[in-house]
Amino acid sequence: MAALERATRRLGMEHFAATFLPLAHERLDSYFIWENWPGQWFDRYLKLNYFHSDPVVRLVRRSGRSVIWSQSLKLQALPSKSKRIMDEASDFGLVDGLTIPLHSQNGMDGVFSVAGRRAKLTPAEVTLLEIVATRAHRRLLDLAPSAAPPREDCTVTKAESECLTWCVSGKTDREIAAMTGRSPRTIQTHIGNLQRKLGAANRAQLVAEAFRRGLQR
């Protein structure tokens, strides 16, 4: 969590929060992991149980992908309550932000959000925050007591390892294909195989899991 806070502040985003997901009938209060929201906004958000009507949370849960608020909501026809939530957030200094889904083997079980007044984050900054947030979440899961059996070591082929290294470097499928002399479709297959082997729901989680298992240095 401290690493997340440092990364967030280095990027000029004043506020952040990480939370596990409550069930549909539960309130959010006891699920927060770490937060630095504006105090009055945080109190209001909890008191009025805004979480289950939050349009950003709904979009992230539906898509399973990271969401930049301004980009993803501008074309949405929001219900009045959802629009009010975003308007009020802006009034408290949360003008724009990024919300990242946190996945485990059981599916999506949390979100990490950063927000503030600065201009929207660049794609590279989004990727950085995805990797740091996913790594922090994985560490939390490692520290939590669990009855689940440990994962078996997986075997990664030479071609998959090469693709993984370029993936960690932030290269696209097309770029990796050009550098390795393979087709983009073959690269997609290798990345898909790696995600299945490592139990990763997306590329950010794949990168974090690869470092955790020592597949990348």
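Quick notes
- For first residues located in segment 33-61 and farther than 22 Å from A133 by Cβ, partners that are open to solvent by 30 Å² or more (accessible area, probe 1.4 Å) and part of a helix (DSSP H, G or I) and lie 6+ apart or on another chain with Cβ distances below 7 Å form the pairs S53/K81.
- Filter result for A201 (open to solvent by 20 Å² or more (accessible area, probe 1.4 Å), touching a residue at least 24 places away in the same chain (Cβ under 8 Å) and out of contact with any helix residue (DSSP H, G or I) (no Cβ under 7 Å at 6 or more places or on another chain)): yes
- Elements of type helices (runs of 4 or more DSSP H) contained in segment 170-217, each with 1 or more residues being under 29 Å from D142 (Cβ atoms) and charged (D, E, K, R): 184-198, 203-212
- Within segment 3-28, residues that are touching a residue at least 12 places away in the same chain (Cβ under 8 Å) have Cβ atoms under 7 Å from residues that are of a type in the set (D, E, K, R) and in a strand (DSSP E or B) in these pairs: A17/E35; F20/D109; L21/D109, counting only partners at least 6 apart in sequence or on another chain.
- Hey, A133 among the small types (G, A, S) and either at pLDDT below 90 or in contact with a Cys (Cβ under 6 Å, 6 or more places away or on another chain) (or both) or not: no
- Filter result (small (G, A, S) and either touching a Lys or Arg at 6+ places or on another chain (Cβ under 6 Å) or open to solvent by less than 70 Å² (accessible area, probe 1.4 Å) (or both)) within segment 51-98: S53, S63, G64, S66, S70, S72, S82, A89, S90, G93, G97
- Of all the residues in segment 1-17, those that are in contact with a strand residue (DSSP E or B) (Cβ under 6 Å, 6 or more places away or on another chain), more than 16 Å from P101 (Cβ to Cβ) and open to solvent by less than 60 Å² (accessible area, probe 1.4 Å) number 4.
- Search result, residues across segment 99-145 that are over 22 Å from Q195 (Cα atoms) and open to solvent by less than 10 Å² (accessible area, probe 1.4 Å): V114, A115, G116
- Qualifying residue in segment 168-175 (condition: under 19 Å from E130 (Cα atoms) and of a type in the set (D, E, K, R)): yes
- For segment 18-50, a residue qualifies if it is surrounded by 13 or more Cβ atoms within 10 Å (Cβ to Cβ) and under 14 Å from F92 (Cβ atoms), and the qualifying residues are E35, N36, W37, P38, W41, F42, R44, Y45, L46, L48, Y50.
- Residue check for D91: among the charged types (D, E, K, R) and under 27 Å from T122 (Cα atoms): yes
- Qualifying position, being modelled with pLDDT of 90 or more, over 20 Å from L102 (Cα atoms) and either touching a Ser or Thr at 6+ places or on another chain (Cβ under 7 Å) or open to solvent by less than 50 Å² (accessible area, probe 1.4 Å) (or both), among C154, C163: C163
The values are calculated or read from the model by the stated rules, or taken from the named source; none is laboratory data. From a predicted model like this one, the values you see are computed outputs, not experimental measurements. Ideal geometry is used to build each Cβ from the backbone, glycine not excepted, and the neighbour counts take in all protein chains shown. Ligands, DNA and RNA are excluded from the accessible area calculation, which covers all protein heavy atoms including side chains. Shrake-Rupley method; radii C 1.70, N 1.55, O 1.52, S 1.80 Å.
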